[in-house]
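So the structure is just underneath, and the comments pick up after that.
The values are calculated or read from the model by the stated rules, or taken from the named source; none is laboratory data. The model shown is predicted, which means the values in this text are computed figures rather than measured ones. A quick note on method: Cβ atoms are made from the backbone with ideal geometry, for glycine too, and the neighbour counts reach across all protein chains shown. Remember, those area values only see protein heavy atoms, side chains included, never the ligands or the DNA or RNA. Shrake-Rupley method; radii C 1.70, N 1.55, O 1.52, S 1.80 Å.
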Amino acid sequence: AEEPAVAAAAAAAAAVEDEAAEKKSGFFTSILKSLRDGETPKSDFTRPKKEEAAAAPAAEVTAEDVPKKSTGFTFKFGGAGGGGGGGANGSTDAVLAEDVPAAAVEVPPAAEAAEEEAVAAAAPAAAKQSSFAFPNIFKSAPKVEVPDEIVVPEGVPTISIDVASLVLPSPEKMSWGGEDALFVKGRTFGVFDGVSGADKLEGIPLYSVTLAQRMKRAIGTNGLTVGEITDRMTEAAEFADVGATGASTAVVGSVGEDNFLRVLNVGDCVCVVLRDGKVAARTKDIVHYFDCPYQLGDESPDRPKDGTVLQTEVMPGDYIVAGSDGIFDNLTVEQIWDLIAETGGGKKASLLVKSIVDESRVVSMDKEAQTPYAKLAQKNRYPQYRQGVGGKIDDISCVVMRCT
């Protein structure tokens, strides 16, 4: 009698896990439907309007809803830790319908007390088995353990920094300032790339701008630990969830008095450390799939704790460049270093950041330019990038720190 009860317990626990996973994946259901109907899904994540979300029942996706392999349908998910070229970077793995496990069969709850006890006993083991019909694309990237304090070694001088920032809206958004935002305060900086595909309500502050403003108010001028950055970003996101509209990616970094750069990245903004013409360290993008980065928003499941972490020691002569994909979709790291070298290297950060932003805009308007984004868009079969060339017009935001 116990064996059937244990089996029922395992099935029930799996069903509970399936239900939770389906709720978490609700905002991808419309994309799957578009693909089944032969339509091209939106490249950016678009969250539903609040009134529509409240009225519409949660959509259920089962294995039967997935097209068979004979239709030629291939769904690609972007790698959650892609390095390399553009802001929307990430390797892609094809997932075919035949690779999707069958949907779980509902099992009615146990009626007797003995079976309920068996459910409780078997739940921990059963929870490890997932029968969710699609790969778990919500799994956070591996976290890097970092000390949650800044300890300044005796006799080691603290690096001085020269920092500058600049935002350049895309041409069609110039009149109202665009959707990118940033802040710089003391030894800490942040870049926030507003998601163009997210629904927005007129007359309400943008999510990206609200994040930047709240972060700047919440911190001091000293360096921050990863834990402090995560806490401040979480508080800012919770505030923006209530009082702002849209969605935003985010990268926030801080150079501690111990000469370590600590960065938290949610999405596809980039922070890179350049040393003697080479990449000393770089953040990892985290995306759901190509052109759909992790992002903060009131109806997005992504949170600051899901972001990727970078911790690296910086040295005099290093350049820290952080920017939205308006920079890194159009310029390679090598091109950015060339711009630094052309300006004389030791020039002020204000001159360097303007040079990088201006060149990004020029390349973004060039339909024949070799760009990181064009190569990835070609790989993902975007018609306008069929030849693998062309810039990507976008808002551009950049922070440059020169370590001395």
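Summed over region 182-210, the residues that are open to solvent by less than 30 Å² (accessible area, probe 1.4 Å) and under 19 Å from PRO169 (Cβ atoms) give a count of 12.
Residues of region 299-332 that are under 18 Å from ASP193 (Cβ atoms), out of contact with any Lys or Arg (no Cβ under 8 Å at 6 or more places or on another chain) and open to solvent by 10 Å² or more (accessible area, probe 1.4 Å): ARG303, ASP306. For region 141-158, indicate whether the set of residues that are modelled with pLDDT under 90, within 24 Å of ASP302 (Cβ to Cβ) and buried (at least 17 other Cβ atoms within 10 Å of the Cβ) is non-empty. Yes, region 141-158 contains at least one residue that is modelled with pLDDT under 90, within 24 Å of ASP302 (Cβ to Cβ) and buried (at least 17 other Cβ atoms within 10 Å of the Cβ).
Restricting to region 242-278, what's the tally of residues that are under 23 Å from LEU224 (Cα atoms), assigned to a strand (DSSP E or B) and open to solvent by 10 Å² or more (accessible area, probe 1.4 Å)? Matching residues across region 242-278 total 2.
When GLY344 is tested against the conditions (1) out of contact with any helix residue (DSSP H, G or I) (no Cβ under 9 Å at 6 or more places or on another chain); (2) modelled with pLDDT under 95, the lone failure is (1).
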